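Undergrad: The structure follows.
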Amino acid sequence: MSDFEQSYLGALRKLVGSRLLLVPGARIVIENAQGQVLLQHRSDLELWGLPGGNAEAGEHLDDVIRREVFEETGLTISDARPFGFGCTPALETVRFPNGDACQFFVLNYWTRSFTGDLAMLDGESLALEWFSQDDLPPLLPNMQASLAAYRRFCQTGAFQMI
């Protein structure tokens, strides 16, 4: 049985098929000393995005982001702080190539504190790379909105509703 099939979302999919699910989760902007952000080239949608993922039953979002970052990047993060919340249906509703649909409700975090070496540990990434915020690859629309919100947060200090 795959990790997905064993997950909370995988168990729900067995019950409801591909119909739209409302899914809580977290994503993160990890910024290095040069001001670059870490992106993953996602294997499911073949576009770039921020590390993150879905909550498991009983899991705090702070724990979700630490777990997902390690699984997807091999990095251990610390001092992750929320900067915004993604909940706009037009941005956060995604239909995957297999027909599954999810509307995500995502707490967006940022950090500059991490240790470890980049490693793709879970098969969800085709590549991991650091990018200048002025020269980003093709991004999923919700990830693009999260990065724009992060820039606004850095300028204003105001929590962003995305």
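Undergrad: Pick from 147, 126: which is within 19 Å of residue 40 (Cα to Cα), touching a residue at least 12 places away in the same chain (Cβ under 8 Å) and part of a strand (DSSP E or B)?
TA: Details: 147 fails: part of a strand (DSSP E or B).
The conditions single out 126.
Undergrad: Looking at region 129-155, which of its residues are aliphatic (A, V, I, L, M) and either more than 14 Å from the chain's Cα centre (by Cα) or closer than 16 Å to residue 107 by Cα (or both)? It would help to see each step written out before you state the result.
TA: Filtering region 129-155 down to residues aliphatic (A, V, I, L, M) leaves 136, 139-140, 143, 145, 147-149.
Once the filter is applied, which keeps residues that are aliphatic (A, V, I, L, M) and either more than 14 Å from the chain's Cα centre (by Cα) or closer than 16 Å to residue 107 by Cα (or both), region 129-155 yields 136, 143, 145, 147, 148, 149.
Undergrad: What number of residues within region 48-74 are under 13 Å from residue 129 (Cα atoms) and aliphatic (A, V, I, L, M)? Walk me through how you get there before you give the answer.
TA: We begin by selecting, within region 48-74, every residue under 13 Å from residue 129 (Cα atoms); these are 48-51, 72-74.
Retained after the next criterion (residues that are aliphatic (A, V, I, L, M)): 50.
Matching residues across region 48-74 total 1.
Undergrad: Going residue by residue through region 103-119, is there one that turns out to be out of contact with any strand residue (DSSP E or B) (no Cβ under 8 Å at 6 or more places or on another chain), on the phi > 0 side of the Ramachandran plot, not in a strand (DSSP E or B) and not hydroxyl-bearing (Ser, Thr, Tyr)?
TA: no
Undergrad: Enumerate the pairs (first residue in region 97-109 and without any contact (Cβ under 8 Å) to a residue 12 or more places away in the chain; second residue anywhere and part of a loop (DSSP other than H, G, I, E, B) and not small (Gly, Ala, Ser)) with beta-carbon separation below 9 Å, excluding pairs fewer than 6 apart on the same chain, so at least 6 apart or on different chains.
TA: none
Undergrad: Considering region 85-128 alone, what residues qualify as being among the hydroxyl-bearing types (Ser, Thr, Tyr), more than 15 Å from the chain's Cα centre (by Cα) and within 20 Å of residue 39 (Cβ to Cβ)?
TA: From region 85-128, those among the hydroxyl-bearing types (Ser, Thr, Tyr) are 88, 93, 109, 111, 113, 115, 125; that's our starting set.
Applying the additional criterion that residues be more than 15 Å from the chain's Cα centre (by Cα) yields 88, 113, 115.
If the condition is that a residue be among the hydroxyl-bearing types (Ser, Thr, Tyr), more than 15 Å from the chain's Cα centre (by Cα) and within 20 Å of residue 39 (Cβ to Cβ), then 113, 115 are the ones that fit.
Undergrad: Hey, another quick one. Filter region 21-56 down to residues that are surrounded by 13 or more Cβ atoms within 10 Å (Cβ to Cβ) and in a loop (DSSP other than H, G, I, E, B), then give me how many there are.
TA: Initially, region 21-56 is screened for residues surrounded by 13 or more Cβ atoms within 10 Å (Cβ to Cβ), giving 21, 23-31, 36-45, 47-56.
Then keep just the ones that are in a loop (DSSP other than H, G, I, E, B); that gives 36, 43-45, 47, 50-51, 55-56.
So the count comes out to 9.
Undergrad: Sticking with this structure for a sec: Tally the residues that are assigned to a helix (DSSP H, G or I) and out of contact with any helix residue (DSSP H, G or I) (no Cβ under 8 Å at 6 or more places or on another chain), restricting the search to region 65-91.
TA: Going residue by residue through region 65-91, those that are assigned to a helix (DSSP H, G or I) are 65-73, 89-91.
Imposing the further condition that a residue be out of contact with any helix residue (DSSP H, G or I) (no Cβ under 8 Å at 6 or more places or on another chain) reduces the set to 65-73, 89-90.
Number satisfying all stated conditions: 11.
Undergrad: Would it be correct to say that residue 125 is hydroxyl-bearing (Ser, Thr, Tyr), surrounded by fewer than 16 Cβ atoms within 10 Å (Cβ to Cβ) and closer than 18 Å to residue 64 by Cβ?
TA: Numbers: hydroxyl-bearing (Ser, Thr, Tyr): yes; surrounded by fewer than 16 Cβ atoms within 10 Å (Cβ to Cβ): no; closer than 18 Å to residue 64 by Cβ: yes.
The answer is no for residue 125.
Read-outs throughout are calculated quantities, based only on the coordinates presented, and are distinct from any laboratory measurement. These numbers come from a predicted model, not from an experiment. Here Cβ is always computed from backbone atoms with ideal geometry, including for glycine, and neighbour counts include all displayed protein chains.
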